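J.: Sending over a structure as C-alpha cells; questions will come in a sec.
The values are calculated or read from the model by the stated rules, or taken from the named source; none is laboratory data. In this text, all values refer to a predicted model and were calculated from it rather than measured experimentally. Because the Cβ atoms are built from the backbone with ideal geometry, glycine has one as well, and the counts that use them run over all protein chains shown. What goes into the accessible areas is simple: the full protein's heavy atoms, side chains included, and nothing from ligands, DNA or RNA. Shrake-Rupley method; radii C 1.70, N 1.55, O 1.52, S 1.80 Å.
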Amino acid sequence: MGFYDERILPHLIDYSCSVGQVMKLRSQVVPKANGTVLEVGMGSGINLEFYNPDTVSLVYGLEPSEGMRRKAQANLAKSSVAVEWLDLPGEQIPLPDNSVDTVLLTFTLCTIPDWRAALDQMKRVLKPDGELLFLEHGESPDEGVCKWQHRITPGWKKIAGGCHLNRPIAELIREAGFEITELENLYVPKAPKFAGYIYKGRARKPQQPS
C-alpha cells in the first residue's frame, strides 16, 4: 500500500464513518454483540466505545491496514473490552471453526474484494448459535439513486479504499448461506443518497436438523 492508502485514506474513512448519524446507528448495533466477537474491518476502533464489557469477553479486530491499526491506538487505550488484532484481509480469518459468538460488520462489506470468500470465512468461524450483526451501506432500491451508484462506483473505488456504492448487501449475505433474521433499511439523514442507503440487521447460520 502507498502513502495515500496508509497515511491519508485512514483519516478520510475515519471521518466519514464517524459523523453523528452514523455513530447513532453504530450505537444501535454494536451493543447487541456478546461473548467472543470477531469485528471484520475494525478500522480505527470506532465501535469500541459501544461494546458492553458485561457481555463481551474478547474482540478479535480483523484489520489489514497498518495505517488504520496505527490510528486505532487512542481508542484501544480507553477500551473497556480486551482486543486482539488480526492483521489479515477478511478473506483470511486465522481462527478455528465455530469459535466466535458474534461477527460484526460495520461499513466493511463494501470494500472487501472477494466478498463471497470473506462471508464464507465468517460463516466458518461463527458458532452454530452465533449471530452476524451488520450495518452496511449499499445498493438503493430507488431506480434513480441506483443508476448513479453504478455510474459513480468505478471512480469512487479508486479514491475510497475499494468502496463499492452498489453492492446489494442483504442479497450477498443470503447468497453466502446466512439466514437474515432482522433487517431494516433507511437513508442516513443529510447524507448523499448514493452513499447513504443503509442495511442494518442480524443473520445466523441455517439451523442444522437434529
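J.: Arg151 is checked against (1) more than 24 Å from Ala33 (Cβ to Cβ); (2) assigned to a loop (DSSP other than H, G, I, E, B) and fails just one. What number does that condition carry?
T.: If we test Arg151 against (1) more than 24 Å from Ala33 (Cβ to Cβ); (2) assigned to a loop (DSSP other than H, G, I, E, B), just (2) comes out false.
J.: Condition (residue is open to solvent by 60 Å² or more (accessible area, probe 1.4 Å) and at pLDDT 95 or above) applied to the range 57-72: is it met by at least one residue?
T.: Checked the range 57-72: at least one residue is open to solvent by 60 Å² or more (accessible area, probe 1.4 Å) and at pLDDT 95 or above.
J.: Among the residues of the range 177-193, how many are assigned to a loop (DSSP other than H, G, I, E, B) and either open to solvent by 60 Å² or more (accessible area, probe 1.4 Å) or charged (D, E, K, R) (or both)? If you could, list the steps in order and put the result at the bottom.
T.: Our first condition is that a residue be assigned to a loop (DSSP other than H, G, I, E, B); within the range 177-193, this holds for 177-178, 188-193.
Add one more test, that the residue is either open to solvent by 60 Å² or more (accessible area, probe 1.4 Å) or charged (D, E, K, R) (or both), and what stays is 189-190, 192-193.
Matching residues across the range 177-193 total 4.
J.: Any residue at all in the range 167-174 that is farther than 27 Å from Leu48 by Cβ, surrounded by 17 or more Cβ atoms within 10 Å (Cβ to Cβ) and free of Cβ contacts under 8 Å to residues at least 24 places away in the same chain?
T.: no
J.: Go through the range 23-46 residue by residue and tally those that are open to solvent by 40 Å² or more (accessible area, probe 1.4 Å) and part of a helix (DSSP H, G or I).
T.: Applying the first criterion (open to solvent by 40 Å² or more (accessible area, probe 1.4 Å)) to the range 23-46 yields 24, 27-28, 31-32, 34.
Subsequent filtering for residues that are part of a helix (DSSP H, G or I) retains 24, 27-28, 31-32.
Here the count works out to 5.
J.: On the basis of being open to solvent by 40 Å² or more (accessible area, probe 1.4 Å), at positive phi, of a type in the set (Lys, Arg) and touching a residue at least 24 places away in the same chain (Cβ under 8 Å), does Lys123 make the cut?
T.: On the way: open to solvent by 40 Å² or more (accessible area, probe 1.4 Å): yes; at positive phi: no; of a type in the set (Lys, Arg): yes; touching a residue at least 24 places away in the same chain (Cβ under 8 Å): yes.
Taking the combined requirement at face value, the residue does not satisfy it.
J.: Which one of Glu49, Glu91 is open to solvent by 10 Å² or more (accessible area, probe 1.4 Å) and part of a helix (DSSP H, G or I)? Steps first, please.
T.: Values: Glu91 fails: part of a helix (DSSP H, G or I).
That would be Glu49, the only listed residue that is open to solvent by 10 Å² or more (accessible area, probe 1.4 Å) and part of a helix (DSSP H, G or I).
J.: Over 16 Å from the mean Cα position of the chain (by Cα) and open to solvent by less than 70 Å² (accessible area, probe 1.4 Å): is that true of Pro206 in this structure?
T.: Working: over 16 Å from the mean Cα position of the chain (by Cα): yes; open to solvent by less than 70 Å² (accessible area, probe 1.4 Å): yes.
Yes; evaluated as a whole, the condition is true for this residue.
J.: Could you please give the count of residues in the range 154-176 that are in a helix (DSSP H, G or I) and within 24 Å of Gly67 (Cα to Cα)?
T.: If we filter the range 154-176 for residues that are in a helix (DSSP H, G or I), which is where we start, we get 154-159, 169-175.
Those left that are additionally within 24 Å of Gly67 (Cα to Cα): 154-159.
Matching residues across the range 154-176 total 6.
J.: Mind listing whichever residues of the range 169-183 are within 15 Å of Phe107 (Cα to Cα) and touching a Gly at 6+ places or on another chain (Cβ under 6 Å)?
T.: Here is the first cut: in the range 169-183, the residues within 15 Å of Phe107 (Cα to Cα) are 169-170, 172-173.
Ile169, the sole residue that qualifies.
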